[in-house]
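Below is one structure, written out as structure tokens; comments come after it.
The values are calculated or read from the model by the stated rules, or taken from the named source; none is laboratory data. These numbers come from a predicted model, not from an experiment. Every residue, glycine among them, receives a Cβ derived from its backbone with ideal geometry; neighbour counts consider all protein chains shown. The area values use the complete protein model at the heavy-atom level, side chains included, leaving out ligands, DNA and RNA. Shrake-Rupley method; radii C 1.70, N 1.55, O 1.52, S 1.80 Å.
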Amino acid sequence: MSAEVSTLWGKMQEMVNSFFALLPNIVLAIIVFFIFFFIARGIKTAVRNLTRNRRYARNLGLVLGRLAQGATVLVGLFIALSIVIPSLKAGDLVQLLGISGVAIGFAFRDILQNFLAGILILLTEPFQIDDQIVFKDFEGTVEHIETRATTIRTYDGRRIVIPNSELFTNSVLVNTAFENRRLEYDIGIGYGDDIDAARQLILETLYETEGILETPEPDVIVVDLAESTVNLRARWWVQPPRRADVLSLQDRVLTNIKNKLTANGVDMPFPTQQILFHDQTEETDGDRSRQREGWPVGKGNAPKPRSIGGSLRQLAEARSQRNGNGNGNGNDHDKGHAQSTNDAQR
């Protein structure tokens, strides 16, 4: 028992002595690693500062800064490990990183997918910081484009974080991609109004409204003959195409158009619907050539209404003719038939 204890004690002393022997190397390795870490942060900050004031280079600066930071930290880690373990070679480190990379790739597949998508977004620049985009049900201003996700600020003051892989593989509408943007709105006028006159009034309003570009020129076209209106589409261009400016200008345009058309007597009717009732008591029921479907009779003769008494009289007369009357003479029968016919017509 005492021999086993002494052996265990000896091994523990060897481990402690080895630790103290490596302690200076460990401290030096930590110092070297932190030096490289702070150098990496400095490189990232310097690259971002160089491209901060350049709109089309900011995303590229973010990519280069992060890649430079990661590469510098990785080099510092290699040097620190070589200080702690002098027998460790560069080939061993590369092999270790290769095996670890495969394992990490399977474990963090979604994270790596978002990372690669973020790198591609920053390099290809389908949109940039401060652009206003629409993605599915979300719309707002791009705040940050990171390697994992993109952050947008909605117009009502909320923040949306969208994974980069979804942005890269789905359609994104960029409202501020170009300097100018065309807006449009449909205005309905009455069928009795002059289309050319209404078109000219709307064009005058567009030219008089401050903020609408003269080039490209605004225009007004007929787009629909609707149920109760003739729809004219007013189209105009604005600059810059940001959401707040667009809404403010649209408010002025629609207010001015409405006031202009009303002042000049152009009708802007409400949706109307006409319901016709078919009178099934008329004698023309079932005759499609004479059926009026509820419309006024006009100059023609109005169909006579049916009555229960007249129908019963016609039924009795038809039975009498079918069965015959053996006790009466022919003249009396003809007179009775004529009298019944006159009664039915009355």
- Of Thr150, Thr141, the only residue that is in contact with a strand residue (DSSP E or B) (Cβ under 8 Å, 6 or more places away or on another chain), under 18 Å from Thr169 (Cβ atoms) and assigned to a strand (DSSP E or B) is Thr150
- Query: Inside region 170-252, counting only strands (runs of 3 or more DSSP E) that do not spill past its ends, which hold 1 or more residues that are modelled with pLDDT of 90 or more, touching a Pro at 6+ places or on another chain (Cβ under 8 Å) and within 30 Å of Glu125 (Cβ to Cβ)?
  - Reply: 181-189, 230-238
- Is one or more of the residues making up region 187-201 of a type in the set (Lys, Arg) and closer than 30 Å to Asp137 by Cβ? no
- Task: Take region 163-172 and flag every residue that is surrounded by 12 or more Cβ atoms within 10 Å (Cβ to Cβ) and over 11 Å from Gly118 (Cα atoms).
- Result: Val172
- How many of the residues in region 146-160 are open to solvent by 30 Å² or more (accessible area, probe 1.4 Å), modelled with pLDDT of 90 or more and within 24 Å of Thr51 (Cα to Cα)? 1
- Of the criteria (1) at pLDDT 75 or above; (2) crowded, with 17+ Cβ neighbours inside 10 Å, which one Glu143 fails: (2)
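Would a scan of region 157-175 turn up a residue that is of a type in the set (Asp, Glu), closer than 18 Å to Ser248 by Cα and within 18 Å of the chain's Cα centre (by Cα)?
At the first step, the residues of region 157-175 found to be of a type in the set (Asp, Glu) are 166.
Cutting the leftovers down to closer than 18 Å to Ser248 by Cα gives us none.
No: zero hits.
For region 190-247, which positions are acidic (Asp, Glu) and touching an Asp or Glu at 6+ places or on another chain (Cβ under 6 Å)? Give the steps one after another, and end with the answer.
Restricting attention to region 190-247, the residues satisfying the condition of being acidic (Asp, Glu) are 193-194, 196, 204, 208, 210, 214, 217, 219, 224, 227, 245.
Answer for region 190-247, where residues must be acidic (Asp, Glu) and touching an Asp or Glu at 6+ places or on another chain (Cβ under 6 Å): just Asp193.
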- From the list Thr262, Thr272, Thr284, which one is at pLDDT 80 or above, open to solvent by less than 100 Å² (accessible area, probe 1.4 Å) and either touching an Asp or Glu at 6+ places or on another chain (Cβ under 6 Å) or hydroxyl-bearing (Ser, Thr, Tyr) (or both)? Thr262
- Query: Can you tell which of Leu116, Leu28 is more than 27 Å from Thr147 (Cβ to Cβ), assigned to a helix (DSSP H, G or I) and at pLDDT 80 or above?
  - Reply: Leu28
- Condition set more than 30 Å from Thr176 (Cβ to Cβ) and of a type in the set (Gly, Ala, Ser), scope region 65-90, selection modelled with the lowest pLDDT: answer is Ala90
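Could you say which residue among Leu62, Leu93, Leu50, Leu8 is modelled with pLDDT under 80, under 30 Å from Gly118 (Cα atoms) and open to solvent by 80 Å² or more (accessible area, probe 1.4 Å)? Spell out the reasoning first.
Numbers: Leu62 fails: open to solvent by 80 Å² or more (accessible area, probe 1.4 Å); Leu93 fails: open to solvent by 80 Å² or more (accessible area, probe 1.4 Å); Leu8 fails: under 30 Å from Gly118 (Cα atoms).
Going through Leu62, Leu93, Leu50, Leu8 in turn, the sole match is Leu50.
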